[in-house]
Amino acid sequence: MTARNLVILTGAGISAESGVPTFRADDGLWMGHRIEDVATPEAFARDPALVQDFYNRRRRQLAEVRPNAAHHALADLAARWEGDFLLVTQNVDDLHDRAHAETPPAAGFELVHMHGELLKAHCTRTGRVCDWPGDLAPQEPSPHHPSGRLRPHIVWFGEMPLHMERINAAIAACDLFVAIGTSGEVYPAAGFVQQARLAGARTVEINLAPTSGRRLFDEGVYGPATQMVPAFVHNLMAG
Ligand code: BV8
């Protein structure tokens, strides 16, 4: 079967070899923090300085990392794919964006950050999003509302992910769904593969090692993303 409509979901594993730490270190901490202490609205209300500092450090780190061969392979695929191709990333880094800027995609391609973006902030009163490459102060005044503050444009636990209608529609119409570098621990992203199966799509998991959701995929490809993704893209384009 030649695939026409493609949905690829990426997670922290695709950025790991660029030097961006994944979320679940062995001790279950996230860069030394418990998730509930840095990635929830309650954490931000309780300790805005801690949360802003956590994201400021990660935002500054983007200047030191670059897209890797896996990001570039997906950009090559996006440039050559003749059908629809939605790339859904859970990552808040800009490595996919930079790879596609270097290799402009074909018309049927779209990239969405379902958990937000480190290089953006939004107003706590209006929700308006703005580019923000620098640090955010604990009580960063918002340019969009006199009593608003700027917070990281990040989807925290308990908040609704972004672009869900677009994502659900693309999965319902896809004939190939590929998950790359994600542990499948976080919902609703972890449920996308079941939606793709219901849509009749072929499903592939590409990861360093089999995940707990392995049995949900028709096919598993295991090894470092910088080796597995270019090979997968080559085979896919070879038909
Ligand atoms: C919501 C931004 C509802 C923060 C993130 C059931 C249904 C719905 C919700 C829930 C549910 N059960 C529980 C929930 C609640 C919760 C949830 O899923 N909790 C988990 C902990 C159980 N979900 C939510 O809260 C979501 N919101 O459901 O809202 C709602 C409904 C109505 C109204 C309002 C709300 C929001 C979730 C988003 C949270 N924000 N990110 C930030 O980045 O700072 S999630 C964050 O963690 C990441 O974005 C990412 O998505 C996730 C980490 O997952 P991965 O990317 O997979 O990374 P991980 O480290 O886990 O795995 C890395 C993988 O890479 C591994 O498999 C590893 O083997 C592999 N790897 C490593 N190196 C390599 C490699 N692979 C290849 N090559 C390598 N070199």
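The values are calculated or read from the model by the stated rules, or taken from the named source; none is laboratory data. Computed from a predicted structure; not experimentally measured. Virtual Cβ from ideal backbone geometry, glycine too; neighbours counted across all protein chains shown. We work out accessible area using only protein heavy atoms, side chains counted, and drop any ligands, DNA or RNA first. Shrake-Rupley method; radii C 1.70, N 1.55, O 1.52, S 1.80 Å.
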- request: Work out from phi, with θ = phi - 60° and the Karplus expression 6.51 cos²θ - 1.76 cosθ + 1.60, the ³J(HN,Hα) of each residue of segment 214-221, listed in order in whole Hz, and give x for Gly and Pro.
  value: 3, 5, 7, 9, 5, 9, x, 10
message: Angle check, please: helix 225-237 long axis (alpha carbons) against the longest principal axis of the chain (alpha carbons), in degrees 0 to 90, nearest 10.
response: 50 degrees
message: I need to check one value: relative contact order of the chain, counting alpha carbon pairs closer than 8 Å and at least 6 residues apart, in percent.
response: 23 percent
message: Please report the carbon-and-sulfur percent of the accessible area for the chain; probe 1.4 Å, protein heavy atoms only, DNA, RNA and ligands left out.
response: 53 percent
field: Segments 103-109, 120-126 sorted - mean Cβ within 10 Å per residue, highest first
entry: 120-126, 103-109
query: Using alpha carbons only, how many degrees (0 to 90, rounded to 10) separate the axis of helix 69-80 from the longest principal axis of the chain?
result: 60 degrees
message: Normalised radius of gyration for the chain, please: alpha carbon Rg relative to 2.2 N^0.38 Å, two decimal places.
response: 1.02
query: Over segment 8-85, what relative contact order in percent results from Cα pairs under 8 Å that are six or more residues apart?
result: 27 percent
Cα-only Debye scattering, segment 1-93: base-10 log of I(q)/I(0) at q = 0.23 Å⁻¹: -1.19
- prompt: Going by average Cβ neighbours within 10 Å, how do the peptides 233-239, 208-214 rank, with the highest at the top?
  reply: 208-214, 233-239
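Considering Cα pairs under 8 angstrom that are at least six residues apart, work out the relative contact order of segment 28-156 and quote it in whole percent.
24 percent
Over every pair of different alpha-carbon atoms in segment 146-239, take the mean of 1/r and invert it; report that Kirkwood radius in Å.
15.0 Å
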message: How much accessible area per residue does segment 167-239 have, counting only protein heavy atoms and a probe of 1.4 Å, in square angstrom?
response: 45 Å²
field: Volume in Å³ per residue [convex hull over Cα atoms, computed for segment 136-192]
entry: 137 Å³
